[in-house]
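J.: Take this structure, written in structure tokens, and hold onto it; I'll ask about it next.
What follows is calculated from the coordinates using simple rules that are stated; it is not laboratory data. Not measured: the values here are computed from a predicted model. Here Cβ is always computed from backbone atoms with ideal geometry, including for glycine, and neighbour counts include all displayed protein chains.
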Amino acid sequence: MLALLPYSAPIFGWLFPELPRPLYTRASFLDLAVSHAALVGMASLVVITLGIGIGIFVTRPIGRDFAGPVDTLAAIGQTFPPTAVLALAVPAVGYGSAPTIIALIAYGLLPVIGATIAGLTAIPRAPIEAADGIGLSPQGRLLKVELPLAAPIILAGVRTSVILNIGTATIGSTVGALTLGSPIIEGLSGSNPAYVIQGALLVGLFAVATDLWFDELEQVL
Amino acid sequence: MTSESGLSVISPPQAAAPQLRSGAGRSNPLLVLIVGGIAAAAMSLGFVSVAPNRILSGKPVALWSAVDPGVTALLVALIVGLGVSAVLRFGVWRDRFTAIIAAMTLLTTITAAGQAASLVAQASGPIARTSLGPAFWIIAAGSGFALADAMARLTRNMFVQMVVVAIVGGAIALLAASGALSDLSLAREFANRREAYGSELLRHLVLVGGALAGALPIGSLLGYVAFRRPKWRKALFAILNLIQTVPSIAIFGLLIGPLSALSAWLPLLRTLGIGGIGAAPAIIALTLYGLLPVARGVFTGLASTPPSVLDAARGMGFDERQILWRVSIPLALPILVTSLRLVVVQLTGLAVVAALIGAGGLGAFIFQGLGQTATDLILLGALSAIALALAADLLLRSLAAAVTTGASA
Amino acid sequence: MIVLDRLTKRYGNAVSVDQLSLTVPTGTICALVGASGGGKTTTLRLINRLIEADEGRVLIDGTDAASLAPVALRRRIGYVIQSVGLFPHWNVARNIATVPDLLGWKRDRIDRRIDELLDLVGLDPASYRHRRPHELSGGQQQRVGVARALAADPDLLLMDEPFGALDPVTRDGLQAALLDIQARTGKTIVIVTHDIDEAIRLASLVAVLDGGKLIQHGSPHDLLARPANAFVEAFVGGPRRGLRLLQVTRVRERADFSEPIGGTPIDADVTLDIALERMVTTGAHRLPVYDRAADRRGTLVLAAIASPDGRQT
């Protein structure tokens, strides 16, 4: 799709004969896709490390005092509209990729933390007691027993977070980030439906492809 | 936006939250962190930001230079009080004390910001703009969260939590109505757009309400079909999941083409206001989004009736309709209300994006503000959208709590 | 009277119930016993048509069950299952009122009935009426389950391993309660169980099923004394069969009433296992017997417990 779209000008020209420039040309679709993927990728990397880390921390004895508040925070935070979070980042850091990344991290963290806590607390007593019984250290128990057992739930949280962030990053174009949302936003403000469709198709495919990739990852696990 | 809603629907509302609250007799390390952050922010960051007019960017002003020494002293005393409550080792009384001090800190901070703005207005005339600075936001967010955390420790009773939220919210509204905050640039922005605000808020509610009017019946029907026809289940949820996977803005965009073509063909649609842009495609797209959580909630709810109860009901001579209405639906009520909450909150958030295709709503302020680099306009839209989503969440949580106690008490 | 006439149920190629014919006289307790997968539960569910038979008929007091609407049929038949299946969102009273409600009884009649039934199953109406199922113990739940099944005064009660999930002490109490209820109401009861001791204690007619076929039916004594084949013999107890036989034989049948002896007598209506236990704990070879019904006295000797021929002293 990414390879074919640059050559589709005649099709869009035929579909929308009244438009002088039927194909989005301000940046190449490849650049847009790479930039979009980079934003989501960087944010997701931070989100996964930090989110799983926080989830592990609050389920250990040392972090027990933080478990309740983190739970409350995740519950409140998930009700915030992602676009509002993105918009709030602008007064703080200005326009461009920075507010987008910050919003992606802030918003993407919650599902991962929530899923990590849920996964780790949902493990039945028996395997944990068995792990203690055969003399695993707390670290060994975490790495060899708890995390593998919680992995499917954590992965589901990561998946939710990444897919959510692909959508939020699209809106990131309104604050000046270069993403696959850029043709959509520009098309909407310039009444150019061809741009909108080109961007929407690409970003839709990107999200669905990522979702399918997670499907396969879940199969492997 | 794949399965955030779906994931949570599967676990019943009460069982989902693990018992993680720390017991009585321990100090509160989180509150120590919060108070530390508040103190550091108050000392090093601007409490408000003052600009000569709307266009120029502001300069940060510290708390003690912005307000009366008395107000500064009160705020400092409250923050110290919060710090003391963090290291106390009592249980319930400590948390009640924390809750009260946190609520007072929150209200005092807001009052102080209002006072700072009034002082600036007196000194530099009505064109000068006083916007809220990072220190204000950190104190407000920190004390607000300290309040929420203390309440969560104190009670799981949703009604009590509702009352506290109503009292604090009412106090803030009272402050705003008294005019104490009206010199803040946020309030001025609101005053300039009072009429537009009312109509955009209404429009936002119409978008969400319209989408619910479509998604609830259709989604319920799909959920029921998934429940009765196991063969269709997988394909049905795969399709609904696909819709949720595609970013909202892309769905909005993809609907433009077909809908504008349709309205070009059928002039009747155009006279009804249904076209490529505006409220109609937004409501259609939001409806599509709402289908998955509604359908999944209905399916999960109906499928959660214990097999033994179904067997007993059949054996006693209930027909299928009686089983559905007298047994399965009443038993599924907590799950149904929880999925309703998730749908309403999700659609309230997504409706913000609808402003991009000319559907209006609170998102209009956000995107106008982003276009004009008008921070206060962005804040007005974003804070309103957040408040609306939180209010819907709290209201439906209370409903879920009422339904759950009704079902088990 | 319940007549099962050549009932057959197939699932694909597997036959779950195979040409099963059985007659349960009115007012008796009939136990369907056998190993898991033997077709007991399927047979029970064929009677109230939770499963439809492929062949054969069920006649209830002469009426073909297939001629009634399934829903109407089930409202006339009490149904009790192992997992009880009380409606968790209704209190005890409303659970018991389920079928009377469906039948459109008047409110005050239903209220009276609820109290009657709670008394019958041994729960105090005043303190249990308004409780929710989750506030009851397993045994109490099943008592409510039995009350619910009896609510509309059905002539027939179907029970699918009703006491299987309970601890031995609770189960014993409920078995006694069921015997008492049956004695007072004269219901016809068909009960599925895999516990041969339960079948021996409760039923006057025991039907042994294996592979969907009826292998043998008769009184517990018949089955224990003359098992039809190795399966029945193994099922009714193998090496413990003799001991179980004592449980179904009364002292009256083995006592010699021609020569009474002195001492505290044992009732002629108790079973031989109790008499044997008394002999073992007191070290006696003979016990005085009192037959209340005929107002006569006699003697039971140890040899008579082993065989009727040992009766002479």
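J.: Over the Cα atoms of segment C:249-311, what radius of gyration and what Dmax do you get, in Å?
T.: 10.1, 28
J.: For segment A:31-180, build the charge dipole from Cβ charges (+1 Lys, Arg; -1 Asp, Glu) around the Cα centre, then report which of A:LEU147, A:ILE48, A:VAL93 sits farthest towards its positive end.
T.: A:LEU147
J.: OK, next. If you average the alpha carbon positions of segment C:81-112 and of segment B:82-117, how far apart do those two centres end up, in angstrom?
T.: Comparing the Cα centres of segment C:81-112 and segment B:82-117, I get a distance of 53 Å.
J.: Could you check how many percent of all C-alpha pairs in chain C are farther apart than 24 Å?
T.: When every Cα pair of chain C is considered, 59 percent fall beyond 24 Å.
J.: Expressed in whole Å with the largest first, what are the equivalent ellipsoid semi-axes of segment A:31-180 derived from the C-alpha gyration tensor as the square root of 5 times each eigenvalue? Could you put the intermediate results ahead of the total?
T.: Details: eigenvalues 231, 48, 25 Å².
Result for segment A:31-180: semi-axes of 34, 15, 11 Å.
J.: Oh, and also: Which residue, A:ILE52, A:ILE184, A:ILE197, has the most motion in a Gaussian network model of chain A that connects Cα atoms within less than 10 Å?
T.: Residue with maximal mean-square fluctuation among A:ILE52, A:ILE184, A:ILE197: A:ILE197.
J.: 7 Å from Cα along Cα→Cβ at both B:VAL165 and A:SER137: what's the point-to-point distance in nm?
T.: For the pair B:VAL165/A:SER137, the computed spacing is 4.5 nm.
J.: Something else: In nm, to one decimal, how far is the B:ALA191 label point from the B:ILE172 one, both placed 7 Å along Cα→Cβ?
T.: About 2.0 nm, to one decimal.
J.: Share of antiparallel DSSP beta bridges in segment C:2-239, in percent to the nearest 5? Don't jump to the answer; show the numbers that get you there.
T.: On the way: 19 of 37 bridges.
Antiparallel bridges: around 50 percent, rounded to the nearest 5.
J.: How big is the Rg/Rh ratio for chain B, C-alpha atoms only, Rh by Kirkwood, two decimals?
T.: Working: Rg = 25.1 Å, Rh = 24.2 Å.
Reported Rg/Rh (Cα atoms, Kirkwood Rh): 1.04.
J.: Another question, if that's okay. Expressed as an acute angle from 0 to 90° and rounded to the nearest 10, what is the orientation of the C-alpha long axis of helix B:248-265 relative to the principal long axis of chain B?
T.: Once rounded, one gets 60 degrees.
J.: Determine the distance separating the Cα centre of segment B:345-401 from the Cα centre of segment A:128-186; give it in Å without decimals.
T.: 26 Å
J.: Principal axes first, then extents: for the Cα atoms of segment B:137-240, list largest minus smallest coordinate on each axis, whole Å, largest first.
T.: 62, 40, 24
J.: Quick one: of C:LYS40/C:LYS106; C:LYS106/C:LYS187; B:LYS231/C:LYS9; B:LYS231/C:LYS40, which pairs are farther than 32 Å apart, Cα to Cα?
T.: Values: C:LYS40/C:LYS106 37 Å; C:LYS106/C:LYS187 24 Å; B:LYS231/C:LYS9 25 Å; B:LYS231/C:LYS40 30 Å.
From C:LYS40/C:LYS106; C:LYS106/C:LYS187; B:LYS231/C:LYS9; B:LYS231/C:LYS40, over 32 Å: C:LYS40/C:LYS106.
J.: If you take every DSSP beta bridge fully contained in the protein assembly as shown, what fraction is antiparallel? Give it as a percent rounded to 5. Don't jump to the answer; show the numbers that get you there.
T.: Details: 34 of 55 bridges.
Percent antiparallel among DSSP bridges in the protein assembly as shown is about 60.
J.: Let me ask something else. Compare B:LEU342, B:LEU259, B:LEU147 in a GNM of chain B, Cα atoms joined below 10 Å, and give the one with the largest fluctuation.
T.: Among B:LEU342, B:LEU259, B:LEU147, the largest GNM mean-square fluctuation belongs to B:LEU259.
J.: Using Cβ contacts closer than 10 Å as the measure, can you line up C:ASP61, C:ASP210, C:ASP267, B:ASP183 from fewest to most?
T.: On the way: C:ASP61 11, C:ASP210 19, C:ASP267 14, B:ASP183 22.
Ranking C:ASP61, C:ASP210, C:ASP267, B:ASP183 by Cβ neighbours within 10 Å, fewest first, gives C:ASP61, C:ASP267, C:ASP210, B:ASP183.
J.: With springs connecting C-alpha atoms under 10 Å apart, model chain A as a Gaussian network and identify which of A:ALA74, A:ALA151, A:ALA122 has the largest mean-square fluctuation.
T.: Between A:ALA74, A:ALA151, A:ALA122, it is A:ALA122 that shows the largest mean-square fluctuation.
J.: Charges only on Cβ, +1 for Lys and Arg, -1 for Asp and Glu: so what's the dipole of segment C:61-184 about the Cα centre, in debye to the nearest 20? Let's see the in-between values first.
T.: Numbers: 16 positive and 17 negative charges, 99 e Å.
Charge dipole of segment C:61-184: 480 debye, to the nearest 20.
J.: Could you work out how far apart the two model spin labels at A:ALA151 and C:ARG240 are, taking each label as a point 7 Å from the Cα in the direction of the beta carbon, and quote it in nm?
T.: Distance between label points: 4.7 nm.
J.: Follow-up question, since we're still on this one. For chain A, what are the DSSP H helices with axial Cα length of 30 Å or more and mean Kyte-Doolittle hydropathy of at least 1.6?
T.: Values: long enough: A:29-59 (44 Å, 1.98); A:97-121 (36 Å, 1.69); A:147-171 (36 Å, 1.54); A:193-220 (40 Å, 0.96).
Span-like helices in chain A: A:29-59, A:97-121.
J.: Within a 10 angstrom radius of each residue's Cβ in B:238-247, how many Cβ atoms of other chains show up on average? Whole number is fine. The partial results should precede the final answer.
T.: Numbers: counts 0, 0, 0, 3, 5, 0, 5, 14, 13, 17.
Across the residues of B:238-247, the mean count of other-chain Cβ atoms within 10 Å is 6.
J.: What is the order of A:VAL145, A:VAL158, C:VAL192, fewest Cβ neighbours within 10 Å to most? Intermediate values should be presented prior to the final figure.
T.: Numbers: A:VAL145 18, A:VAL158 22, C:VAL192 26.
By the 10 Å Cβ count, ascending: A:VAL145, A:VAL158, C:VAL192.
J.: Short version: ³J(HN,Hα) in whole Hz for each residue of segment B:342-353, in order, from phi by Karplus 6.51 cos²θ - 1.76 cosθ + 1.60 (θ = phi - 60°), x for Gly and Pro, what are they?
T.: Listing the rounded values in order: 4, 5, 4, 5, 5, 5, 4, x, 5, 5, 4, 5 Hz.
J.: Rounded if a/c is under 1.5, else prolate if a/b beats b/c, else oblate: with a ≥ b ≥ c from the C-alpha gyration tensor eigenvalues square-rooted, which is segment C:114-180? Let's see the in-between values first.
T.: On the way: a/c = 1.60, a/b = 1.08, b/c = 1.48.
Judged from the Cα gyration tensor, segment C:114-180 comes out oblate (a/c at least 1.5, b/c at or above a/b).
J.: So, one more: Based on a Kirkwood Rh over C-alpha pairs, give the Stokes-Einstein translational diffusion coefficient of the protein assembly as shown at 20 °C and viscosity 1.002 mPa s in µm²/s.
T.: On the way: Rh = 33.5 Å.
Rounded to a whole number, D works out at 64 µm²/s.
J.: Enter the mean number of other protein chain beta carbons within 10 Å of the beta carbon of each residue in A:197-206, as an integer. Can you show the working numbers first?
T.: Values: counts 5, 1, 4, 11, 4, 1, 6, 9, 2, 4.
Mean partner-chain Cβ count within 10 Å for A:197-206: 5.
J.: In sequence order, what are the phi-derived ³J(HN,Hα) couplings for segment C:244-251 according to the Karplus relation 6.51 cos²θ - 1.76 cosθ + 1.60 with θ = phi - 60°, rounded to whole Hz, with x for glycine and proline?
T.: 5, 4, 4, 6, 10, 10, 8, 4
J.: Let me ask something additional. For segment C:3-65 and segment A:91-108, what is the separation of their Cα centres, given in Å?
T.: 70 Å
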